[in-house]
Amino acid sequence: MAVYVYIDVSQKQEYIYKNSKLIDNLYNSFIIKSITENLHENNMSSESGNIISLCNYLEKEFNNKYRFIYSGGGNSIIRFEDLENATKFVKGYSFEILKNYPDLELYISLVDEKEVQVYENNKDMLIRELLIQRSDELKDKRKSKFKRWTYGIEKIEENGRAIEIVSENQMRQRKQKKSSEERLVRKYLFNKFEDKLNDTAIITKELYKYKKDENGKSYIGVISIDGNKMGEMVKKITNFEELRKFSRAIDEIYFSAIVKALKEYKEKINATSLLLTPVLQAGDDICLIVEAEHAIEITANIIKKIEQISQDSNNKSDWNKFIEADYLTACGGVAIVRYTYPFFESIKIAEKLCHRAKEVTYLVETRSGQRQRNSFIDWEIVQSHVNTGIEYETYIKHNNLKENYHIKPLCIDQNEPVEDNIFRYDDFYNMIRKIQSEKEINISTSFLEELKKQIYNGINQYKLFLDMNKKEKGSLGGLIMAIFGDGKSEKNVCYEYMLYCDKSTYTYILNDVLETLPFMINLEAN
């Protein structure tokens, strides 16, 4: 009987981001892809260089005694003819990985077809579930790894390890190896973006390229986007052929969404080109770096494109039958940090923000006849080199009154300006644009800066400041009414003081707008 083997890697992020340089992170990401996926599917097997390749190893050791059932997202399912070959593969391949990549945690589980032969209708689903279950059990048994980097008497490098003394010949060999690694990363990740984007974006692996001149802000936007309800859909897939089609459809939709969003955004802002560093695009997982002033809008546009393309795509049947929805939704997190900020920390912040946006999807209620409300965006501007950027209280409490500082996370696919205490992204964006437009509103920068400070001084001080600046108060209040009230009366919105009142909570509508304003490109100034 046939035996199925599942290959997966644990602690992926720790392995990928263990080095401080971005090019090393990208190279480590390719190592995982090479040892866990079928590179023949994207014509990369001949480009793996010195990296162990799963497909090359299988071809060399097992000839035609195996078949890839599924491959993608950092794991594969392989079918062997019998238990003998499957066992031989597990032992031999595990040894190769341990020998070449001792820091990498590889897990391989097996399922014999005899175990599920009585369940003919759902056999593929049961095999997949058993493989994943057994892999998780292996991960639960793993022991913590402890490493001694230094005895405390050596000089140490920036990562805390002892500085290694190498000869000139070794240094030359390492430079050659590094050059080969960079070519591989460009082939694996950058080229597919360059081929599709053309002159829309300049692809770079160097974060210092994001440094502005002395008068500019040297910030980057680290974007994390993740699809919603992917796990639920995958669980409903009953056979491997459907799984392959589903995986391929999701990958095409998400990659196309990135490309179309960037092209349209570049035309909109009339830019020569955009700076872009693609870190990850695997199925519904996206991680990109762009200039800070473009990050929030690009993230929202990608999510909107995912919705649009999934509705119109020719392969809609490959995913639509697994979910009761007309389109795919996703959530995004954006960490706006200085380009010198520790890269791994910025990735973690962006992913936490994406996760926080996903949590809001469980709080909203989609009413009959309305579109879904599942796509959300959250962001944070991190000024400090030590603060993670998102561990803060969203509100303070005075007596029985709560003061909420934030309207984010914002909903991207929502009809009403405010619904269930959830605000709409498009209204936030329009508010930014109106304030930036001198034709729409004439308010000094100094007033906006002072207003931002007053928000944190408490509700009474905030109201007093606005009452002392009646002209600006009237202009801002009118915008709030027009945008968040949609031109109609809204009992929960106190337009006079730009507050949203829900029971015993005051939410400052303008705080997120004013804090984000310097990090959104001013179209009027272009």
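The values are calculated or read from the model by the stated rules, or taken from the named source; none is laboratory data. Note that this is a predicted model, so its numbers are computed, not measured. Don't worry about glycine lacking a Cβ; one is built from the backbone with ideal geometry, like all the others, and counts go over all protein chains shown.
Reported count of residues in the range 194-245, each being over 16 Å from residue 320 (Cβ atoms) and either in contact (Cβ under 8 Å) with a residue 60 or more places away in the chain or touching a Gly at 6+ places or on another chain (Cβ under 9 Å) (or both), is 28. The set of residues from the range 2-16 being surrounded by 20 or more Cβ atoms within 10 Å (Cβ to Cβ) and either without any contact (Cβ under 8 Å) to a residue 24 or more places away in the chain or in a helix (DSSP H, G or I) (or both) comprises just one member, 16.
Taking the listed residues 107, 101, the one that is modelled with pLDDT of 90 or more, surrounded by 17 or more Cβ atoms within 10 Å (Cβ to Cβ) and on the phi < 0 side of the Ramachandran plot is 107, with no other qualifying. A single member of 515, 524, 472 is in a helix (DSSP H, G or I), at pLDDT below 85 and either within 31 Å of the chain's Cα centre (by Cα) or acidic (Asp, Glu) (or both), and it is 524. Checked against (1) touching a residue at least 60 places away in the same chain (Cβ under 8 Å); (2) over 25 Å from residue 191 (Cα atoms); (3) buried (at least 21 other Cβ atoms within 10 Å of the Cβ); (4) not acidic (Asp, Glu), residue 276 passes all but a single condition, namely (2).
Residues of the range 218-237 being more than 22 Å from the chain's Cα centre (by Cα) and surrounded by 15 or more Cβ atoms within 10 Å (Cβ to Cβ), which ones? 237 - this is the single residue of the range 218-237 that is more than 22 Å from the chain's Cα centre (by Cα) and surrounded by 15 or more Cβ atoms within 10 Å (Cβ to Cβ).
Against the condition surrounded by 16 or more Cβ atoms within 10 Å (Cβ to Cβ), among the aromatic types (Phe, Trp, Tyr) and at pLDDT below 90, how does residue 376 come out, does it pass? When the stated conditions are applied, residue 376 does not pass them.
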